[in-house]
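A quick write-up on the structure given underneath.
The values are calculated or read from the model by the stated rules, or taken from the named source; none is laboratory data. Keep in mind that this is a model prediction, so the values were computed, not measured. Glycine gets a Cβ as well: all are built from the backbone with ideal geometry, and neighbour counts include every protein chain shown.
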Amino acid sequence: MTADLKAFTGAASRSLDRRAKGWISQAHHAIRSAMNICVFCGSSLGAREDYREAAWRLGKTLAERDIGLVYGGASVGLMGVVADAALEHDGPVYGVLPKALADLEIAHDNLTELHIVTSMHERKAKMADMSDAFIALPGGIGTLEEMFEVWTWSQLGFHAKPVGLLNVAGFFDGLERFLDNLVSEAFVKQAHRSILCADEDPGALMDKLAAAELPKDRKWVDELRR
């Protein structure tokens, strides 16, 4: 092969590579313009096989409904299961992971996009910004903290995005009774309690999220103005 032909071949290859990257970027942009649901869940599998099976069904259902999955970016526990299920069924999956956790080599290496951020605060803000609704699977303190924070943001009017619990094998029954008691004791309004819906079936829960009508009054601001 002559030097001129090698140079031409190399230039053509680089041009195709740039064009391919551009097409991929455009495709990802188009995907991100569709609906995304953020899933909070455990970095452990939990004690019951029911939890793993529910995480798989949720990821599968998201993909089948052409809904993007936004989650914490890890490959372990229920986080890895829900991501793997969505990917196996050709769904887009966007992970957001703090660098400190990525350095521990728990990042999922097969995602549509993986965003590495500097802190947990940045992680939660980015996940919320990328999402249209939120679902909590069974999990621990981190899962509950993330769910309560986005629910609080909705209550305060910082966003208008519904929040749901995938109540696997009655996992959230006790929490729901506790939250109902907050209403009874006049610490939470029923309208704001109703922002958080629940169902044991992923599809039914997504239907509830899609039909949710969020209250227009903001808890503190509207009360102070009265």
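Of all residue pairs spaced 6 or more apart or on separate chains, those with beta-carbon atoms under 7 Å, a first member in the stretch 132-147 that is touching a residue at least 40 places away in the same chain (Cβ under 8 Å) and buried (at least 18 other Cβ atoms within 10 Å of the Cβ) and a second member that is assigned to a loop (DSSP other than H, G, I, E, B) and of a type in the set (Phe, Trp, Tyr) are PRO138/PHE171.
One line per residue, one yes/no per condition, for (1) surrounded by fewer than 22 Cβ atoms within 10 Å (Cβ to Cβ); (2) within 14 Å of the chain's Cα centre (by Cα); (3) among the aromatic types (Phe, Trp, Tyr):
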{"position": "VAL81", "(1), (2), (3)": "no, yes, no"}
{"position": "ALA86", "(1), (2), (3)": "no, yes, no"}
{"position": "PRO92", "(1), (2), (3)": "no, yes, no"}
{"position": "PRO98", "(1), (2), (3)": "yes, no, no"}
{"position": "ALA102", "(1), (2), (3)": "yes, no, no"}
{"position": "ASP109", "(1), (2), (3)": "yes, no, no"}
{"position": "GLU113", "(1), (2), (3)": "yes, yes, no"}
{"position": "VAL117", "(1), (2), (3)": "yes, no, no"}
{"position": "MET127", "(1), (2), (3)": "no, yes, no"}
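For the stretch 81-125, a residue qualifies if it is under 17 Å from GLY42 (Cα atoms), assigned to a helix (DSSP H, G or I) and among the small types (Gly, Ala, Ser), and the qualifying residues are ALA83, ALA85, ALA86, ALA102. Any residue at all in the stretch 162-179 that's of a type in the set (Val, Ile, Thr), in the same structural domain as TRP56 (by TED's automatic domain parsing) and closer than 26 Å to GLY73 by Cβ? Yes, the conditions are met somewhere in the stretch 162-179.
Taking the condition touching a strand residue (DSSP E or B) at 6+ places or on another chain (Cβ under 6 Å) and in contact (Cβ under 8 Å) with a residue 12 or more places away in the chain, does VAL117 pass? Spelling it out, VAL117 is indeed touching a strand residue (DSSP E or B) at 6+ places or on another chain (Cβ under 6 Å) and in contact (Cβ under 8 Å) with a residue 12 or more places away in the chain.
When you scan the stretch 41-59, do you find a residue that is more than 16 Å from VAL96 (Cα to Cα) and touching a Gly at 6+ places or on another chain (Cβ under 6 Å), even just one? Yes, some residue in the stretch 41-59 is more than 16 Å from VAL96 (Cα to Cα) and touching a Gly at 6+ places or on another chain (Cβ under 6 Å).
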